[in-house]
Amino acid sequence: MSERFSRRDFLASTTLATAAVLTVPGHAKSILTEAKTEPFSDWKMKPVMDFSKSPYAKLRQVPVGAVTISGYWASRRKTNVESSIPSMREELADHGRMTNFERLQSRSKEPQKGPVYSDSDIYKWTEAVAYTLQSESRPELKKVADEQIREVVAIQEPNGYLNTYYVEDRKPLRMQQHTQEVGHELYCMGHYLQGAIAYYRATGDPTMLNAGIRFVDDFLLPNYGPGANQKPIVSGHPEIEMSLIELYRTTGNRKYVDLAGYILHGDKRWTIKPNAIVYMYCGIPFPERTKLEGHAVRCMYACCGATDYYLETGDPAYWKTLEALWQDLASHQLYVTGGVGARAEGEAFGDAYELPNARAYGESCAAIGNMMWNARMLAATGEARFADVMERALYNGINSGMSLDGKLYCYRNPLAFEPATGDVIRNPWYDTTCCPPNIERTFSSLPGYFYSTSKDGIYVHLYDTSEMNWHLEDGTGLKISQKTEYPWKGDVSMTVSPAKSQEFTVYLRIPGWSAGNSVRVNGKTVDGAKAGEYLAIRRKWSTGDRIELAMDMTPRLLKANAAVMEDVGKTAMQRGPIVFCMEGLDQAEENHGLNMANLRLDLKGETKVRFEPETLGGVTVLEHPGSFVAGAPDLYRTASPGPGEKNGTMLKLIPYYAWANRKPSPMQVWIPYTEA
Ligand SMILES: [Zn+2]
């Protein structure tokens with residue numbers, strides 16, 4: 001890592017920071033002055049979320065740069081960096097997202113382009129680049145990002161304000177209550193800070209970060225907050241909370257945690273309408289929440305911020321609420337794909353058990369919010385139930401959001417689809433383009449979710465062929481290599497190599513879906529592996545020690561809670577972490593105009609598992625016996641098919657994430673079944 005950033009690069013970056021100080025009056029005591037010699041303490045090899053000093057974090061993330069993936073996720077990540085990130089950069093440029101910045105420097109006469117939150121898409125894209133640069137050297141990409149950052153920071157006003165929408169005629173609207181509720185100023189700054197922190201941790205260049213600090217220190221903190229001389233803050237789209245806490249983790253400045261706490265608490269001086277309190281998931285003290293509701297992305301981001309706040313403060317009221325909200329998630333609100341947010345109207349959570357399939361909203365951003373929240377809950381506890389949700393969302397409801405060629409994206413991720421509705425589910429661009437760069441930053445950051453350290457050892461959360469080169473919390477160097485064909489096969493062979501022989505614990509995640517497991521260390525069976533828990537293997541580890549984990553990849557037929565009305569009489573198939581679906585074009589009778597609604601899966605049939613290297617970039621497919629009723633699907637018919645109506649067939653299923661990558665075709669995850 002260190003070789004990539006020469007002393008000259010480092011000095012160049014700090015010079016920029018210094019120049020910025022000189023153009024902004026009244027900064028003699030600011031943190032910027034210190035940036036002349038050393039930006040902040042140590043920028044290299046920091047995790048996505050740096051819990052290293054978080055007193056209530058049981059686990060600490062391993063940095064993106066410490067894990068090299070060469071298995072299943074390597075190809076998805078290669079597509080991400082070589083196809084998605086460059087094509088999204090072009091889309092952003094073609095849709096004027098950068099001319100918004102150029103106009104404010106008198107270099108473009110174009111009018112303002114895009115919705116109020118357009119700046120955030122640039123910042124999420126920068127964050128995606130940043131994690132890529134934490135993994136590998138990409139000088140061309142860095143050059144583009146560097147230039148873009150210069151364009152962005154150039155529009156910062158002397159008072160620290162930085163936003164391309166609330167300028168010129170709209171300047172008087174800045175930070176008014178209505179603007180705070182719907183205008184996304186702090187949402188944009190939240191994404192700005194996350195991008196800036198990730199970029200700083202990738203390159204050591206504090207240019208973007210320093211401008212973000214100026215926004216918070218010079219514009220926000222002096223004027224907004226709980227004080228009598230400050231105006232209130234309402235977080236119309238939560239996001240700033242988690243970014244402020246990561247800013248604290250980056251700078252060590254506690255005032256950012258306090259500000260996040262104030263925002264999470266809400267400010268009674270402003271009256272907020274009850275429906276806005278639900279929709280925005282802010283405006284009342286976070287610990288007063290009793291369920292997930294309102295706009296799903298807002299709600300998930302608020303939960304991320306609240307968990308970050310808990311990790312720094314240990315406030316028990318926050319933990320009690322977070323646990324209750326998580327139970328609501330797992331018991332009532334989670335799609336089998338890990339997606340959340342059932343309703344299109346308001347992009348919102350539905351009532352408990354309201355999980356429609358074709359109408360499912362399941363925004364890609366909400367699934368990402370779900371994963372980010374569960375990663376934080378995992379850090380707080382070390383409990384595998386959170387990693388299970390993380391994995392479910394990652395392999396399914398997030399993974400589905402990007403096409404196999406990396407150039408098309410889902411905004412919503414339904415669990416059933418009928419092309420005759422005219423809906424086009426994968427598109428290169430959305431005017432609200434929150435999801436595409438969000439998926440890109442998630443895939444870029446993925447190596448950072450594989451492992452955590454704890455006081456007594458190392459946690460293995462995710463499996464893929466990969467190499468980890470990091471250290472235990474006492475500083476002892478540690479390498480772990482994984483060899484596996486996961487997620488298609490359940491065997492993982494791991495080599496654990498500490499720099500010196502030492503006693504510590506390897507916590508091996510046994511997924512909740514894996515009913516039968518075997519674990520061996522250097523050929524000897526280790527007892528106690530339980531589905532949905534970490535198996536703690538404590539021993540004296542020496543270089544080259546081998547762990548062999550065999551998970552249970554038997555295809556599973558799932559039934560939903562009977563209260564989920566849309567899934568009554570239906571089953572979904574899952575094998576390993578992958579949820580499957582049926583596309584019409586794979587079914588034998590598709591050419592005969594057979595309606596998907598007429599297909600039935602035989603619960604007693606035996607599933608055949610087959611890897612098809614030529615299908616959808618190489619996937620495992622399932623074949624399962626079923627039947628169909630010939631003819632047009634009636635609205636009602638007798639419960640038992642009449643003579644000759646029932647015909648045997650084989651149903652073919654593909655991984656859900658890979659759907660809609662061929663010609664338009666009906667799709668369903670939940671399939672009607674027969675037990676005959
Ligand atoms: Zn989105």
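When the chain is described by a simple charge dipole with +1 on each Lys and Arg Cβ and -1 on each Asp and Glu Cβ, the residue from A572, S481, S627 located farthest towards its positive end is S481. Heavy atoms of the protein chains alone define the surface here; on that basis the chain has 38 Å² accessible area per residue at 1.4 Å probe size. Against the chain, whose longest principal axis comes from its Cα atoms, helix 240-251 is set at around 60 degrees. Each part reduced to its alpha carbon centroid, segment 126-177 and segment 398-460 end up 23 Å apart. Based on C-alpha pairs under 8 angstrom that are at least 6 apart in sequence, segment 451-551 has a relative contact order of 27 percent. When every Cα-Cα distance of segment 557-674 is counted in 10 angstrom steps from zero, the calculated P(r) takes the values 13, 46, 34, 8, 0 percent.
Mean sequence separation of contacting Cα pairs (under 8 Å, at least six apart), scaled by the length of segment 174-319, corresponds to a relative contact order of 23 percent. Give the angle, between 0 and 90 degrees and rounded to the nearest 10, that separates the Cα long axis of helix 7-23 from the longest principal axis of the Cα atoms of the chain. Rounded to the nearest ten degrees, it is 60. Structural descriptor for the chain: relative contact order 12 percent, calculated from alpha carbon pairs under 8 angstrom and at least 6 residues apart. Placing a pseudo-label 7 Å from each Cα along the Cα-to-Cβ vector at T290 and N223 gives an inter-label distance of 3.9 nm. Compared with the dominant principal axis of the Cα atoms in the chain, helix 364-381 is inclined by about 80°. Dipole of the chain computed with +1 at Lys/Arg Cβ and -1 at Asp/Glu Cβ about the Cα centre; of A420, T638, S118, farthest Cα towards the positive end is S118.
When you filter the trypsin sites (Lys or Arg not before Pro) in segment 153-233 for DSSP loop state and at most 11 other Cβ atoms inside 10 Å of their Cβ, nothing is left.
In the distance distribution for segment 451-551, Cα-Cα pairs more than 16 Å apart total 52 percent. Keeping the other protein chains in place, figure out the carbon and sulfur percent of the accessible area of the chain, with a 1.4 Å probe. That fraction is 52 percent. Residue ranges 536-549, 383-396, 325-338 sort as 383-396, 325-338, 536-549 when ordered by packing (mean number of other C-beta atoms within 10 Å per residue, highest first). Ranked by the mean number of other Cβ atoms within 10 Å of their residues, highest first, the peptides 123-132, 496-505, 355-364 fall in the order 123-132, 355-364, 496-505.
The values are calculated or read from the model by the stated rules, or taken from the named source; none is laboratory data. Quick caveat, the model's predicted, so the values are computed rather than measured. Every residue, glycine among them, receives a Cβ derived from its backbone with ideal geometry; neighbour counts consider all protein chains shown. Side chains included, ligands, DNA and RNA excluded: accessible areas come from the protein's heavy atoms. Shrake-Rupley method; radii C 1.70, N 1.55, O 1.52, S 1.80 Å.
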